[in-house]
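Chemist: Before I ask anything, let me first share the structure, which is written out below as structure tokens.
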Amino acid sequence: MTHLLIRRATPADTEDWLRMRLALWPHHSPQELLPEMETLLAERWSPVFVAARPSGGLGGFVEGGLRRYADGCDSSPVGYIEGWYVDEDLRRQGVGRALVAALERWAREQGCTKMASDTWLDNETSRAAHLALGYTESERLIHFCKPIAETGSTAANGRSLDELTALMDNFVRSKGWYAAESQRPQTPKNLAISLALESAEALEHFQWRETPADKNALAAELADISLYLLQLASISGVDLEQAVLDKLALNAAREWR
Ligand SMILES: CC(C)(COP(=O)(O)OP(=O)(O)OC[C@H]1O[C@@H](n2cnc3c(N)ncnc32)[C@H](O)[C@@H]1OP(=O)(O)O)[C@@H](O)C(=O)NCCC(=O)NCCS
């Protein structure tokens, strides 16, 4: 293991890192994974460590972050292993352990006293490796999913933020705007700019008047703002619902002078 260097990922690692991400998450396409990778690299709270081969190229990665809460942990925030992968030719040589150690060091520096992680019920290798690294099994979860879309209807009534985000995400994907060569790169910066532009367009409805002349036109602007907001939050890894609740709680305790 001494011949592999564990370091933070850089944009120059994208190709090899993507190769390994596709091996770990084979049901995803490069078009889906690449925008997320850009966000991870840009974000201070989502460190990515890679194992660099002396001959060039990478041999493993770990992606992590902070979660407010994690099942089985009683402290907050908690360092979290979001993705962990080592190339087959390098397994069982301590590379995975060194990657996780780097992430744990980072989490400790952020004030965490606990780390958490998860894996599929049938991933025995991952389970054994987690246990070998000192992680104890806390809970076993079963995730459920049920499609509840009203076919032929576009009514948004009663839909959660997650559902609206998924609808918006599907639309953007169907247009090909998540593709690497897209003329409308869906980066956080571009989305933030679009959000500000749409907000200005909403303001236009109030120019020289107290109430909008066309309520439907204003509704369309507000919808655009909402869609950009949902997408910006989603692509930046922000739990918008939680952020809103946190802000409301903060405001409730705040003095307004
Ligand atoms: C899980 C994975 C990242 C481990 O990487 P690795 O480089 O082989 O891990 P290490 O060599 O550092 O091993 C760490 C510990 O886990 C144990 N371990 C690793 N693979 C194991 C296996 N197949 N069976 C039993 N124990 C295993 C090792 O014994 C080691 O403990 P030790 O140092 O006390 O011997 C790697 O197997 C992998 O990429 N698997 C496929 C992707 C995956 O499942 N990722 C996890 C998703 S949550």
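Chemist: Looking at (1) more than 13 Å from the ligand (Cβ to nearest atom); (2) surrounded by 13 or more Cβ atoms within 10 Å (Cβ to Cβ), can you tell me which one R127 breaks?
Modeler: Failed condition: (1).
Chemist: Right, another one. Only residues that are in a strand (DSSP E or B) and over 8 Å from C112 (Cα atoms): list them for segment 61-83, please. Working first, answer last.
Modeler: Taking segment 61-83 first, the residues in a strand (DSSP E or B) are 61-67, 78-83.
F61, V62, E63, G64, G65, L66, R67, Y80, I81, E82, G83 - these are the residues of segment 61-83 that are in a strand (DSSP E or B) and over 8 Å from C112 (Cα atoms).
Chemist: Being within 21 Å of the chain's Cα centre (by Cα), modelled with pLDDT of 90 or more, not assigned by TED's automatic domain parsing to the domain that holds E38 and not small (G, A, S) narrows it down to one of L222, L230, so name that one.
Modeler: Just one listed residue meets the conditions, L230.
Chemist: In the same structural domain as G111 (by TED's automatic domain parsing) and away from the ligand (no atom under 16 Å from the Cβ): which single residue out of L22, L40 fits that description?
Modeler: L40
Chemist: So which residues in segment 193-206 are surrounded by 14 or more Cβ atoms within 10 Å (Cβ to Cβ) and among the aliphatic types (A, V, I, L, M)? Spell out how you get there, then give the answer.
Modeler: Keep residues of segment 193-206 that are surrounded by 14 or more Cβ atoms within 10 Å (Cβ to Cβ), which gives 194-195, 198-199, 201-202, 205.
Across segment 193-206, the qualifying residues are L195, A202.
The values are calculated or read from the model by the stated rules, or taken from the named source; none is laboratory data. Bear in mind the structure is a predicted one, so any value in this text is a computation, not a measurement. Positions of Cβ are backbone-derived with ideal geometry, glycine not excepted, and every protein chain shown enters the neighbour counts.
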